[in-house]
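I have placed the structure first, in the form of structure tokens, so that the comments after it can refer back to it.
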């Protein structure tokens, strides 16, 4: 069954995703975690990793920002559906710290990501699922 949302709810969902992206770009962990509702999940589909709850999501992003202190992303496209918002983004950064157990390589990464956001009944993020080519990232880091 497809949920039909009015324009105000769609706008609220888009606003929370925009705030989520803004917090990612400025590395504001508190604001980033705040965009998620109750019992959220962040799913790295390429690595088959699920990060549960606010603490799990905070730890995921803290590791990402430590590994890539200049982490940034640019939105290429937004797709707004009844039950999800999908972003096509390009992620960039320089690997100057340990990330996912990989010692700093000093190399830059630049790769596309598709992120799918679902929402709770308060229009906060329930889950974010990211799809990207892990081999591209590992190759750009020089570890694969």
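Rule-based calculations on the coordinates, nothing more; no lab input. Just so you know, these numbers come straight off a predicted model, no measurement behind them. Reconstructed Cβ throughout: ideal geometry from the backbone, glycine too, with neighbour counts over all protein chains shown.
For the criterion of being free of Cβ contacts under 8 Å to residues at least 40 places away in the same chain and surrounded by fewer than 15 Cβ atoms within 10 Å (Cβ to Cβ), residue 122 fails.
Only residues that are surrounded by fewer than 17 Cβ atoms within 10 Å (Cβ to Cβ) and touching a residue at least 60 places away in the same chain (Cβ under 8 Å) were counted in the stretch 40-81, giving 5.
Taking the stretch 1-20 as the search range and keeping residues that are buried (at least 17 other Cβ atoms within 10 Å of the Cβ) and in a helix (DSSP H, G or I), which one is nearest to the chain's Cα centre (by Cα)? Even if it seems obvious, please write down each step before you answer.
First, pick out the residues of the stretch 1-20 that are buried (at least 17 other Cβ atoms within 10 Å of the Cβ): 5, 13, 16-17, 20.
If we keep only those that are in a helix (DSSP H, G or I) too, we end up with 13, 16-17, 20.
On the way: 13: 15, 16: 13, 17: 10, 20: 8 Å.
For the stretch 1-20, the residue satisfying everything is 20.
Is it the case that the stretch 91-102 has a residue that's touching a strand residue (DSSP E or B) at 6+ places or on another chain (Cβ under 8 Å), loosely packed, with under 14 Cβ neighbours inside 10 Å and at negative phi? Step through it out loud before you land on a result.
As a first pass, look at the stretch 91-102 and keep what is touching a strand residue (DSSP E or B) at 6+ places or on another chain (Cβ under 8 Å): 91-95.
Filter once more, keeping what is loosely packed, with under 14 Cβ neighbours inside 10 Å: none.
No - not one qualifying residue is present in the stretch 91-102.
Restricted to the stretch 103-114, and to residues that are touching a helix residue (DSSP H, G or I) at 6+ places or on another chain (Cβ under 9 Å) and assigned to a strand (DSSP E or B), which residue is surrounded by the most Cβ atoms within 10 Å (Cβ to Cβ)?
Let us first name the residues in the stretch 103-114 that are touching a helix residue (DSSP H, G or I) at 6+ places or on another chain (Cβ under 9 Å), namely 104-105, 107-112.
Then keep just the ones that are assigned to a strand (DSSP E or B); that gives 108-112.
Working: 108: 14, 109: 20, 110: 11, 111: 16, 112: 13.
Among them, the one singled out is 109.
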